[in-house]
1. Given 258, 269, 235, 231, which one is more than 25 Å from residue 364 (Cα to Cα), in contact (Cβ under 8 Å) with a residue 40 or more places away in the chain and not assigned by TED's automatic domain parsing to the domain that holds residue 80?
2. Within segment 208-224, take every residue that is modelled with pLDDT of 80 or more and not in a helix (DSSP H, G or I) and give me the one that is surrounded by the most Cβ atoms within 10 Å (Cβ to Cβ).
3. Can you tell me how many residues within segment 225-251 are more than 19 Å from residue 373 (Cα to Cα) and either crowded, with 16+ Cβ neighbours inside 10 Å or in contact with a helix residue (DSSP H, G or I) (Cβ under 8 Å, 6 or more places away or on another chain) (or both)?
4. For segment 68-85, name all the residues that are closer than 26 Å to residue 114 by Cα and modelled with pLDDT of 90 or more.
5. Would you mind finding the one in 316, 325 that is within 16 Å of the chain's Cα centre (by Cα), under 30 Å from residue 79 (Cα atoms) and not assigned by TED's automatic domain parsing to the domain that holds residue 132?
6. If the requirement is being under 26 Å from residue 247 (Cα atoms) and surrounded by 24 or more Cβ atoms within 10 Å (Cβ to Cβ), which of these qualifies: 342, 306?
7. Quick check: is even one residue across segment 33-52 closer than 28 Å to residue 212 by Cβ and crowded, with 23+ Cβ neighbours inside 10 Å?
């Protein structure tokens, strides 16, 4: 393991080579983010469907992402990660075209809904191919010693784009209607493809390809830790507004912003700790901080304390994915690491998919504190699992 922190010109050059690739993640997630605040109203208000169908349209993307993870990983390993990323960009661009068609069919609600579902399926495939492809492309450019740094920067691109995309989507719809979301999505993907054309590809690693179910089995323990540690993020993102309203507090939106700032800030400032101290140790510390933050949030007596809890949760959640991801991909040969990354990512897809219904059931009586307690307990369980994995796999290898 490389335990040296890059400094000076060499560190800047390394970061630049990573950013030159993860910028495609940013552009793809900008397309996703632009829909966050405007798609549900389009389905509910413009097309006249109920909340269930509005939720179905949103969930369709995540289902497609989950189901296409294996394809994205195998494509990265066999055809090269640039190919996976380009396929993802084309799929995101196609989703933009379909959104334009859906907007033009708004006078025929059923037809518009059907086309929108196809657009969301295409976007889900695009998300998985771009995310996996860009991470593996970045690793290929800078070397496997810098896996954690590539994953960290890819996460910064992802969440930064979602934060920028949501208000951008509202402005576009206000200025030109829902059709502008599709047009903007196509334009962004054309830009991404033009930039990608100039970027050099890296070869997939030669070697024997493991069956996907074997790869899944290797990374599953780490994926379980990721899933358990992601529940806290899921309940904060989904229920913090309702939690504040139930307590009669103002400031739910700024609290989400504080969570996001802490998340990105820790990745920027402390991302190097994974290479220096190892993925197991950083994941364990991160999960314990997240556990503490969720307990503060559950027992907050005023909005300021709740914001502190959200901040601590953001600090804790920030490095869980890259820290566990680094040790997860080490469980397979270099020729299977794209598939391993894809299999590992499946767990956060599933966790965030079930968090909404689970959290809603726990808080069905209007009390949100117990929901955060449960999320905290899951973070603690993830910390115990990570400690066990370190004893079994990590300690003997000095990880």
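1. Values: 269 fails: in contact (Cβ under 8 Å) with a residue 40 or more places away in the chain; 235 fails: more than 25 Å from residue 364 (Cα to Cα); 231 fails: more than 25 Å from residue 364 (Cα to Cα).
Exactly one of 258, 269, 235, 231 is more than 25 Å from residue 364 (Cα to Cα), in contact (Cβ under 8 Å) with a residue 40 or more places away in the chain and not assigned by TED's automatic domain parsing to the domain that holds residue 80, namely 258.
2. This residue is 210.
3. Initially, segment 225-251 is screened for residues more than 19 Å from residue 373 (Cα to Cα), giving 248-251.
From what is left, the residues that are either crowded, with 16+ Cβ neighbours inside 10 Å or in contact with a helix residue (DSSP H, G or I) (Cβ under 8 Å, 6 or more places away or on another chain) (or both) are 249-251.
Of the residues in that region, 3 qualify.
4. Going residue by residue through segment 68-85, those that are closer than 26 Å to residue 114 by Cα are 68-72.
Answer for segment 68-85, where residues must be closer than 26 Å to residue 114 by Cα and modelled with pLDDT of 90 or more: 68, 71, 72.
5. On the way: 316 fails: under 30 Å from residue 79 (Cα atoms).
Sole residue among the options that is within 16 Å of the chain's Cα centre (by Cα), under 30 Å from residue 79 (Cα atoms) and not assigned by TED's automatic domain parsing to the domain that holds residue 132: 325.
6. On the way: 342 fails: under 26 Å from residue 247 (Cα atoms).
Only one candidate qualifies: 306.
7. No, that holds for no residue.
Conditions (1) closer than 30 Å to residue 233 by Cβ; (2) in contact with a helix residue (DSSP H, G or I) (Cβ under 7 Å, 6 or more places away or on another chain), marked per residue:
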| position | (1), (2) |
| --- | --- |
| 167 | yes, no |
| 170 | yes, no |
| 189 | yes, yes |
| 192 | yes, yes |
| 198 | no, no |
| 202 | no, yes |
| 208 | no, yes |
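The values are calculated or read from the model by the stated rules, or taken from the named source; none is laboratory data. Small disclaimer: the values here were computed from a predicted structure and weren't measured. Here the Cβ is made from the backbone with ideal geometry for all residues, glycine too, and neighbour counts use every protein chain on show.
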